[in-house]
Each structure stands twice: as structure tokens, then as C-alpha cells.
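Colleague: One structure is given below, represented as C-alpha cells, and several questions about it will come after.
Nothing in this text is a laboratory measurement; each read-out follows from the coordinates by a stated rule. What you see is a predicted model, and the numbers here were worked out from it, not measured in a lab. Every residue, glycine among them, receives a Cβ derived from its backbone with ideal geometry; neighbour counts consider all protein chains shown.
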Amino acid sequence: MSDRTVVWDHDDAGEQLGLREQKKRRMRRLLSDTATELFVERGFAAVQVAEIARVCGVSEKTVFNYFPSKEALLLDRGDATEAGLRRALADHTTPAAAAVATMLDRELGRLTDWIAAQPDERAAYDKTARFGALIAETPSLRAHQREQQDALVALAAESLAARYGFEAADPEPQIAATALVGLTDIQAVALRRELAARTPVAHLRAAVAADVTRAATVVAGLEASLRAR
């Protein structure tokens, strides 16, 4: 791992990978890390995919073999997040709101661990904040992120419907799923606030998690209404 990004492919922890798959994952991470570094430094529009390919020593075609679009180079965790959500919702003995809050807290912990491991905490805060700002100020990135969120809502609606005896298209699981996935937005907003306030990294995770916990309580109420049907 370089000091540029957090390693997010934790969903395969413990999996024994062949050499070919390991090589593919290292290349994918290199491409994403390099793109993220360049985008954050100079802006999304100012960096071309050809430049990313050149820096990584591969062809532009190779980049697109790994990522379907320029936006996916930065927002590269869609599949991992979807897999994580699917696993979080698979255990019907755990309320969905609590399971998703736990999943988000684990991801937050990886980020705060990364920040704590950096030699310059202020620089790590600035880099993390610039990443969020880049998405907020780039329409195509916001649109790509919205597509990812919509896919998560569809997945959550299917899971909640199956759990509580609805059709996935019914309004009850749809609104509950929207609120459930909305916990990711709550976490992102709280993280931006705490980064801007320079909350010490030792307290950052707890400060952000507190907002997610409060929001999860509201989502739990929606889930309880499904259960009571």
C-alpha cells in the first residue's frame, strides 16, 4: 500500500488469490491511486485518461479494461460497497439499520487508521477533504455517484422486501431502503464537518459515528414499521 489512499478491498479478506488475480488487483489499485492523486491535485477535467495511462506505463485501452469510465477511476468502490451491503443485509437476525451502521463504521475506521498512520495529519486531512470537494464540484462525478447510490437503494429494497414480506417496488421498502442508504450521506457530511473542524484523529471516528448512530435510530423506526405490518 502506498501512502496515497486507503486499501478498501477488504471484502476479500482471507481469500486465497492466484498470482494472476493478485497482479490484476495491484494494477487496478495503481491506476485508481494514480488517477486519484492527479485528480485531487489538478482537478478532474484537467487530467486525461491518456496521462494516467502514461504515468502507470500502460496503454489507455488497458485503463478502460479495468475501469468502464473516467469517473470510475475515482469512484472505484461501487462493486465493493454493493458486496458489503449485500453481506450486511444477509443476516436477518440483525436489524438492517444496525448492520449498515456497523458496516459504515468499519469503513470509517479504515480511513481514520490511514490518517493516523500518515506522517502529517494535517496534510492527510486536507487530502481527504479535497477528495470530497472534488466529487461535490464535478457534475459527472456526482451523477456517477448517484447511479451507484440508486443501485444500492434497489439492492436494499429487495432485501427489505424479502425480509418483511413486501414486493421490492412497494413504497414501504422503497422509502426504508432510501433512508438506509442515506446513512452513507450522513456519514459523508459528518466527516466533512469534522475534517474542517480539525477534530483530532483520535476522536474523529467517534464524532462521525455519533451522527450515523442518531440517523440509524430514525431508519430503525421505518424498519420497525415494516416488521409490524
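Colleague: Taking the Cα atoms of the chain, what is the range of coordinates along each of the three principal axes, in descending order and whole Å?
Modeller: Cα spread of the chain along its principal axes, largest to smallest: 57, 39, 37 Å.
Colleague: Still on this structure, please answer the following. Where does helix 78-90 land angle-wise versus the long Cα axis of the chain, in degrees 0 to 90, nearest 10?
Modeller: It is inclined by approximately 30 degrees.
Colleague: Would you please give the FRET efficiency between E167 and D126, computed as 1/(1 + (r/R0)^6) with r the Cβ-Cβ distance and R0 = 41 Å, to the nearest 0.05?
Modeller: Working: r = 47 Å, r/R0 = 1.14.
E between E167 and D126, to the nearest 0.05, is 0.30.
Colleague: Per 0.36 nm of contour for each residue apart, how much would the distance between A206 and A98 grow if the chain were fully extended, relative to their Cα-Cα spacing? Don't skip to the answer; put the middle values down first.
Modeller: On the way: separation 108, 0.36 × 108 = 38.88 nm, distance 1.59 nm.
Going from the current span to full extension adds 37.3 nm.
Colleague: Moving on. So what is the relative contact order of region 9-71, in percent, for Cα pairs below 8 Å that sit 6 or more residues apart?
Modeller: On the way: 23 pairs, mean separation 16.0, N = 63.
After rounding, I find 25 percent.
Colleague: About its Cα centre, what dipole magnitude does the chain give when the only charges are +1 on Lys and Arg Cβ and -1 on Asp and Glu Cβ, stated in debye to the nearest 20? Show your work: numbers first, answer last.
Modeller: On the way: 30 positive and 33 negative charges, 82 e Å.
Rounded to the nearest 20 debye, it is 400 debye.
Colleague: With a cut-off of 8 Å between alpha carbons and a minimum separation of six or more residues, what is the relative contact order of the chain in percent?
Modeller: Values: 194 pairs, mean separation 47.6, N = 229.
This gives 21 percent for the chain.
Colleague: Work out the length of the dipole vector of region 9-71 about its Cα centre, built from +1 on the beta-carbon of each Lys and Arg and -1 on the beta-carbon of each Asp and Glu, and round it to the nearest 20 debye. List each step's numbers first, then the result.
Modeller: Numbers: 11 positive and 11 negative charges, 67 e Å.
In debye, rounded to 20, region 9-71 gives about 320.
Colleague: Sticking with this one: In degrees, nearest 10, range 0 to 90: what is the angle between the Cα axis of helix 19-42 and the longest Cα principal axis of the chain?
Modeller: 80
Colleague: R142 to R28: FRET efficiency via 1/(1 + (r/R0)^6), r the Cβ-Cβ distance, R0 25 Å, to the nearest 0.05?
Modeller: That pair, R142 with R28, gives E of 0.60.
Colleague: Two-decimal Rg/Rh of region 115-196 from alpha-carbon positions, Kirkwood Rh? Mind showing how you got there, number by number?
Modeller: Numbers: Rg = 16.7 Å, Rh = 14.6 Å.
Looking at region 115-196, the ratio lands at 1.14.
Colleague: Still on this structure, please answer the following. For labels at R110 and L17 in the simple 7 Å Cα→Cβ model, what's the distance in nm?
Modeller: Using points 7 Å along Cα→Cβ, the separation is 1.2 nm.
Colleague: Using a Gaussian network model on the chain with a 10 Å cutoff between Cα atoms, which of V153, V218, V201 fluctuates the most?
Modeller: Of V153, V218, V201, the Gaussian network model singles out V218 as fluctuating most.
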